[in-house]
Each structure stands twice: as C-alpha cells, then as structure tokens.
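The values are calculated or read from the model by the stated rules, or taken from the named source; none is laboratory data. Here the structure is a predicted model, which is why all the values come from computation and not from measurement. Methodologically, a virtual Cβ is constructed for each residue, glycine included, from the backbone with ideal geometry; neighbour enumeration extends over all protein chains shown. Ligands, DNA and RNA are stripped out before the accessible areas are found, and what is left, the full protein with its side chains, is counted by its heavy atoms. Shrake-Rupley method; radii C 1.70, N 1.55, O 1.52, S 1.80 Å.
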Amino acid sequence: EADIYQTPRYLVIGTGKKITLECSQTMGHDKMYWYQQDPGMELHLIHYSYGVNSTEKGDLSSESTVSRIRTEHFPLTLESARPSHTSQYLCASSLAGAWEEQYFGPGTRLTVT
Amino acid sequence: KNQVEQSPQSLIILEGKNCTLQCNYTVSPFSNLRWYKQDTGRGPVSLTIMTFSENTKSNGRYTATLDADTKQSSLHITASQLSDSASYICVVSRQTGANNLFFGTGTRLTVIP
C-alpha cells in the first residue's frame, strides 16, 4: 500500500463553492501529480510539480490551481465549482527519475450539483 | 487520437480461466511501458514495467510482453481469480518532453465464479 493520502474521498458540493482537495505523501517523493479521470476514460494530467515551489500545468486544461509549499503536500483548489468539474481526481507521486513508478492515492470523487 | 489504444474495452471471464489484454501505442521516442491495475474506487497500482530491450516480464500470475518493433504489448493473466476484477491500464513513457506519460483508457476485466 502506497503512503499517499487523499481527502476527502467523496465530496458533493453546490455550484459556486470553493473547494480544496488534499493530497499528502510520506515517501519523500519530489514529483507529484494531479489527474482527472471520468468513468471509463483515461487519466488526464492536469497539474504536476517537480518539487517545492514548482507547479506546472498538464495536458488537460483545468480551472483548478495547485500549490507546493511543502514536499509532502500538494493541494488542489477550485475557486468556484461547476457541474463540469464533476469527476474523479487522483493524486500521485514519484521519485525524480524518468522511469520511476508513480504511486497513486485512492482518489477523490467530486460531484458538483 | 489517443497514442495508447487498449483492447478489449471490457472482458468477462470465468474464474480459473486465462485471458490476454492488448495495448498498442504510437508514442515515440519510446522509453518504457507499464501495466497498472486499478480496483474500483482506488488509485492505479503498478504491475510491471518494461523497457524496449525486454520482451517479457512476469509478476506472479501476470505476464507482460512487449514488441517494440510493432509497438504492441500484452498482459496475460493466468488462472484468474475474483480479485483480478479491475481495470488494467497501459501507460507508455516517452523519452522526451515535460509531460511524457500517455495513458490508455483501460480494459475493464470482470471475473465471475
């Protein structure tokens, strides 16, 4: 079992609310990632980080933002949730090498009503 | 068009039977290929990693093959168990580029008693 945690696991929230999805890892990994996954679809990278104070946008355009103030913590924030944000959000981390395995958290299932 | 295509999209087999999942990719220049298992409501977990010089690799009842010339990989599951029911995702890494991971949509495997 990977030491990477996400909270909450499930969230139902109304349109316009601000939300923060938490992700923490205790493996000391430099790289961290956020993916969005709709049912039956592939994972899409929305944000990643090479380390503290590093954040980059991924392939899929997202209205969310991230921060990396501590190595172990990589929260994702939506300033104003919309129904189109309904999805599963997966956080992952890895060592810095190109071949390194990504360890995934259990995911947050977000529903915006 | 996705650079990683998996087939079949879904598969139902009887417990104890074998099955083979396919992954075709166009990602170039190729670095490595991983097979992940994703249980429902969980994050993916790595099963195997293969580089261009490896033809086959086993992890218990899971055997992955790679043909770098035809850009095809397969995951063979032997003597299936109910716990094998999950989505199996093929992930191909590219040698260059900041976002160098390409995910397939997965094969949903259901093992029935």
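What does the convex hull of the Cα atoms of the protein assembly as shown come to per residue, in Å³, rounded to a whole number? Write down the numbers at each step before the final one.
Details: hull volume 27.1 nm³, N = 226.
Value for the protein assembly as shown: 120 Å³ per residue.
Find the accessible area per residue for the protein assembly as shown; the probe is 1.4 Å, ligands and nucleic acids are left out, and the unit is Å². List each step's numbers first, then the result.
Working: 10650 Å² over 226 residues.
In whole numbers, the protein assembly as shown has 47 Å² accessible per residue.
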Taking 20 Å² as the minimum loss, tell me which residues in segment A:1-41 lose that much accessible area going from the chain by itself to the full protein complex (1.4 Å probe). A:1, A:9, A:35, A:37, A:40
Estimate for me the total accessible surface buried between chains A and B (protein heavy atoms, probe 1.4 Å, no ligands or nucleic acids), in Å² to the nearest 100. 1800
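Summarise the accessible area of segment A:7-113 (1.4 Å probe, protein heavy atoms) by the percent that is carbon and sulfur.
Working: 2680 of 5010 Å².
Answer for segment A:7-113 is 54 percent, counting heavy atoms of protein chains only.
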GluC sites (Glu not before Pro) lying in DSSP loop within segment A:44-98, provided at most 14 other Cβ fall within 10 Å: A:63, A:79
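After finding the eigenvalues of the alpha carbon gyration tensor for chain B, what semi-axes result from the square roots of 5 times each, listed largest first in whole Å?
Values for chain B, descending: 24, 14, 12 Å.
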For chain A, what is the relative contact order in percent, using Cα pairs closer than 8 Å and at least 6 residues apart in sequence? 36
Once you treat every alpha carbon in chain A as an equal point and sum by Debye, what is log10 I(q)/I(0) at q = 0.10 Å⁻¹? -0.26
Here FRET efficiency (C-beta to C-beta, residue A:20 to residue B:100, R₀ 30 Å, nearest 0.05) is 0.60
Report residue A:77's accessible area, 1.4 Å probe, all protein chains in place, as a number in Å² to the nearest 10. 20
Any chance you could run the full-extension gain for residue A:69 through residue A:57? It's 0.36 nm times the residue separation minus the Cα-Cα distance, nm to one decimal. 2.7 nm
Of B:31, B:74, B:87, which has the largest mean-square fluctuation in a 10 Å C-alpha GNM of chain B? B:31
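Need one value for B:41-52: mean number of C-beta atoms belonging to other chains within 10 Å of its residues' C-beta atoms. Intermediate results must be reported in sequence, preceding the final value.
Details: counts 6, 5, 16, 9, 6, 5, 0, 0, 3, 0, 1, 0.
Mean inter-chain Cβ contacts per residue within 10 Å come to 4.
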